[in-house]
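The values are calculated or read from the model by the stated rules, or taken from the named source; none is laboratory data. Keep in mind that this is a model prediction, so the values were computed, not measured. Counting neighbours? That spans all protein chains shown, and the Cβs are built from the backbone with ideal geometry, glycine included.
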Amino acid sequence: MATPPLRRVLLALALCAAGACFAAPRQPVASRSSARGSCSELIPRFQLHARTRTREFRVPRRAAPSSSSPFSRRQLLQSLTDFLPLLPGAWFVYLFSRLPKQYIAASGDPSASSGTGAESWGLWTKDPGPRGVRLSSYPRLKETKQAPAGWTFDEADWWLEEHGLIMEQPEPLPPGKYEVTGDREVTTTLTVFPKDSEGKQKWELANGAKLFDVTHLPCRSARYRGAACSAGAARNEDFPVRPGAMMPAVAGCEKQDHAVLFVLNSQ
C-alpha cells in the first residue's frame with residue numbers, strides 16, 4: 001500500500017529531528033542554530049511536496065449524468081447485467097405457478113359458458129395418471145380391490161384415462177371459485193355454486209369463456225358404470241386416445257365422458 005503524503009511529511013520531519021538535529025556532533029550555538037535552520041528549510045519543501053501530491057491524488061468531480069451520457073448507458077448496461085442471472089429463477093417461479101395443483105373432471109356442452117350438472121363433476125387433488133393401474137393388471141386389481149397407490153377400486157363404477165389406465169374416482173367437486181385453464185390460451189375463473197333444494201349444482205365461467213376453452217385436450221377421461229360393467233371388457237387396442245377425441249365405449253358399461261380442467265388456484 002502506498003504511504004499517504006501527510007504521513008511521508010511527518011516521517012521525514014521525525015527522521016530530520018532525530019537524525020540531523022540530535023544525532024549530529026555537538027557544535028557551537030551558532031552551528032546548532034545553523035543545523036536547526038537546515039531542518040526548517042526542509043519543511044517548506046515537504047509542505048510543497050505534500051500539496052503537490054494531494055493535488056495529484058484528488059479525484060476529479062464528475063458532472064451529473066444525463067440520459068444521453070455514456071455514464072448513464074454504462075449504468076443501464078450494468079443494471080441489465082446484474083438482472084440477467086435472476087431471469088432463470090424468475091422464469092422457474094412463473095412456470096411453477098402455472099403447474100396444475102388439482103384437476104377437475106367436468107361434463108357438459110363444450111360450447112357452454114354456464115350450466116347445471118356440476119353435482120356430477122369431480123375433483124382429483126392429486127394427478128390420477130401416475131396412480132393408475134394398467135388394463136393388463138386388472139385381474140389383480142379385481143381380486144384385491146386395492147391399487148398399489150392405495151385407492152379402492154369399485155368394479156361397478158370406475159374411470160379410464162387416455163392411455164388405458166384405470167383411475168381412482170375423483171371426489172365430489174365442492175362449491176367455490178377455481179382458477180382453471182386448458183394450458184392453451186384461456187385462463188379464467190370457474191364458479192361452482194352450492195346445491196339447490198333438488199340437489200342440482202350450477203357452474204359458470206368468467207369472461208365468456210367456453211368449457212372447451214379451459215379443457216386440456218390431451219387429457220381424456222370417462223366414467224364407466226353398470227351392474228354388468230367390467231374393466232376386463234376394455235380393449236388395449238383402443239388406446240391411446242387422440243387429444244380431444246371421445247373415450248372408447250366398453251361393452252356392458254354406461255359411459256360418461258369428462259373434460260379435464262387444470263386448477264391453478266382455488267378459494
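Worth a mention:
- Every pair of residues 6+ apart whose Cβ atoms lie under 8 Å, when the first sits in the stretch 122-136 and is in the same structural domain as TRP158 (by TED's automatic domain parsing) and of a type outside the set (Phe, Trp, Tyr) while the second is exposed (fewer than 15 other Cβ atoms within 10 Å of the Cβ) and part of a strand (DSSP E or B): GLY122/GLU171; GLY122/PRO172; LEU123/GLU171; LEU123/PRO172; THR125/GLU171
- Test: ASP213 is surrounded by 14 or more Cβ atoms within 10 Å (Cβ to Cβ), farther than 16 Å from PRO128 by Cβ, under 31 Å from the mean Cα position of the chain (by Cα) and of a type in the set (D, E, K, R): yes
- Close pairs (6 angstrom Cβ cut-off, 6 or more residues apart or separate chains): in the same structural domain as TRP158 (by TED's automatic domain parsing) and part of a helix (DSSP H, G or I) in the stretch 237-253, surrounded by 14 or more Cβ atoms within 10 Å (Cβ to Cβ) and modelled with pLDDT under 95 anywhere: none
- Residue pairs meeting the criteria (Cβ under 7 Å; at least 6 apart or on separate chains; first on the phi > 0 side of the Ramachandran plot and of a type in the set (Asp, Glu), in the stretch 178-192; second surrounded by fewer than 21 Cβ atoms within 10 Å (Cβ to Cβ) and modelled with pLDDT of 95 or more): ASP183/HIS216
- Where ILE166 falls short, out of the listed (1) under 25 Å from SER137 (Cα atoms); (2) free of Cβ contacts under 8 Å to residues at least 60 places away in the same chain; (3) not small (Gly, Ala, Ser): (2)
- Tally, over the stretch 137-163, of residues that are on the phi > 0 side of the Ramachandran plot and either in contact (Cβ under 8 Å) with a residue 60 or more places away in the chain or not charged (D, E, K, R) (or both): 1
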